[in-house]
Amino acid sequence: MTAAESMTPAQDTAPHDAPADDPAPGILGRRHRALTLGIISVVSLIAFESSAVNTAMPVAARALDGIGLYAFAFSAFFTASLFAMTLSGEWCDRAGPLTPLFTGIAAFGTGLVIAGSAQRMWMFVAGRGVQGIGGGLVIVALYVVVGRAYPERLRAAVMASFSAAWVVPVIVGPLVAGTVTEQIGWRWVFLAIPVLILLPLAVMLPALRALPPAGEPGTADRRRILLALAVASGAGLLQYAGQGLTPWALLPAAAGLALLVPCVRRLLPRGTFRAVRGLPSVVLLRGLAQGSFLAAESFIPLMLVTERGLSATLAGLSLTGGGLTWALGSYTQSRRRAEPYRERLMSLGMVLVALAVALMATVLVHGVPVWAAGASWVIGGYGMGLTISSGAVLLLKLSRPGEEGTNAASLQTSDALGSILLVGLAGVLFVSFGGGSTAVGEAAAAAPPHAFAAVFAAAAAFALVGAYVATRLVPREAAGRDVTSVPPSGDPGA
């Protein structure tokens, strides 16, 4: 039995039938066109910001004399978004997605302005943190919008459009940002984007106002919000400790673990870390997929520069094919014929990720042509496209009306934690096997091939664990208990 067959009709609250005079009853049909275009525009702007900021960040850090805080400009974004994701989920379930979505977009734009006008590096880091709050609010709210505005038959296509919205920004973002940084100045990479947000907001506002109500209004679960704050604080302490592997770093690391471990077990669905069938396994799989892929991807450019002598530009371009096939994989899972095989496609996707990482490790052998790196990541990107978008579709299927926000927040929290923890583990392995500093200049002389091999082996192993978890995505009704909803706050059963 597929996950689709296990759902009750009440779980699909969006209208299923297009008007009889609608010539294109899809996501670009008259009923959904404005909302779809608005969503794609917002996601595209976020994607452009992500790729553009990565290009401008080194110049900004040097200009602000803040190389020592460089890593925190990234970690501040992800740590703040961890808290904002849960806040957004509670907010959406109680009041609908409109207010948290627009609040998140406003916070995102405000953070860009703060970063672009910063005179000190600490102000820049603070701006990135405000951006993270906005990003966390927006991504969860968009998931809730998809769950409430689109019928089940269209959700896979909408999720595919999320991935497609990243393609052009990932390709042109670095080029545009590099040109702006060199010709005008790095600040305009940050200051120009908020103006571009106004048009998609105007396009999608009428459709958002027409969304069905969330249900009976209530108050946000303050306990879950406090748990999210503790998880974000714990993750921040772990990232701080990871900046230097010294005996003193054990203190913030221990404090971070003490906050993170018990709180995240209460924040995610019951049974997540035991891969209980249904929603818990969907949430766990997303964290494994994101973490294993990013753990390998973070070290590929460094490996290509230091081991194979590529320029930084060519090393970065080797990953571009993965972004394109990610969108292709997402499109594949959106086809109606693929629906009965969704869980199998997700398992296949994780096997492809493991295969891609293993093939990438062979590039460490100088007899293997360097173009094999790009070919490997084409395979991995396609696997991620099959897995990530399908996970979002399954999550919405397994969510009761009024729980979409909380469950989407759990999914995004798993994404972020998987990325933070597995990329951090990859860094520890890299250093432990003789990689030295992860700064390019120092690692270029110190990193032996087996340091990269250790990273790729761990990433491939976690991807294979994800392939197993993907076999447990279908709820088992015969179990006699509900596994499709997030437990009450404080449940230690995760």
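Binning all Cα-Cα separations of region 89-244 at 10 Å, short to long from zero, yields these whole-percent fractions: 9, 28, 34, 23, 5, 0. Roll a 1.4 Å probe over the protein heavy atoms and report the accessible area of Val261 in Å², nearest 10. Here the accessible area works out near 70 Å². When the Cα atoms of region 83-141 are aligned to their principal axes, the ranges along those axes come out at 39, 17, 12 Å in descending order.
With an a/c value of 1.5 or above and a/b not larger than b/c for the gyration tensor axes a ≥ b ≥ c computed over the alpha-carbon atoms, region 261-335 is described as oblate.
Would you please classify the overall shape of region 137-210 from the alpha carbon gyration tensor, given that a ≥ b ≥ c denote the square roots of the eigenvalues, rounded means a/c under 1.5, and beyond that prolate means a/b larger than b/c while oblate covers the rest?
Numbers: a/c = 3.45, a/b = 1.92, b/c = 1.80.
Prolate is the answer for region 137-210, as a/c is 1.5 or above and a/b outweighs b/c.
Taking a ≥ b ≥ c as the square roots of the eigenvalues of the Cα gyration tensor, an a/c ratio of 1.5 or more together with a/b no larger than b/c marks region 331-450 as oblate.
Using Cα-only point scatterers and the Debye equation, what is log10 of I(q)/I(0) for region 97-180 at each q in 0.13, 0.15, 0.24, 0.25 Å⁻¹, rounded to two decimals? Relative scattering, expressed as log10 I(q)/I(0), comes to -0.57, -0.72, -1.10, -1.11.
Give me the base-10 log of I(q)/I(0) for region 305-401 at each q in 0.15, 0.21 Å⁻¹, Debye formula, one uniform scatterer per Cα, rounded to two decimals. Log10 I(q)/I(0), no solvent term: -0.62, -0.95.
The values are calculated or read from the model by the stated rules, or taken from the named source; none is laboratory data. This structure is a prediction, so every number in the text was calculated from the model and none was measured. For accessibility, only protein heavy atoms count, side chains too; no ligands or nucleic acids. Shrake-Rupley method; radii C 1.70, N 1.55, O 1.52, S 1.80 Å.
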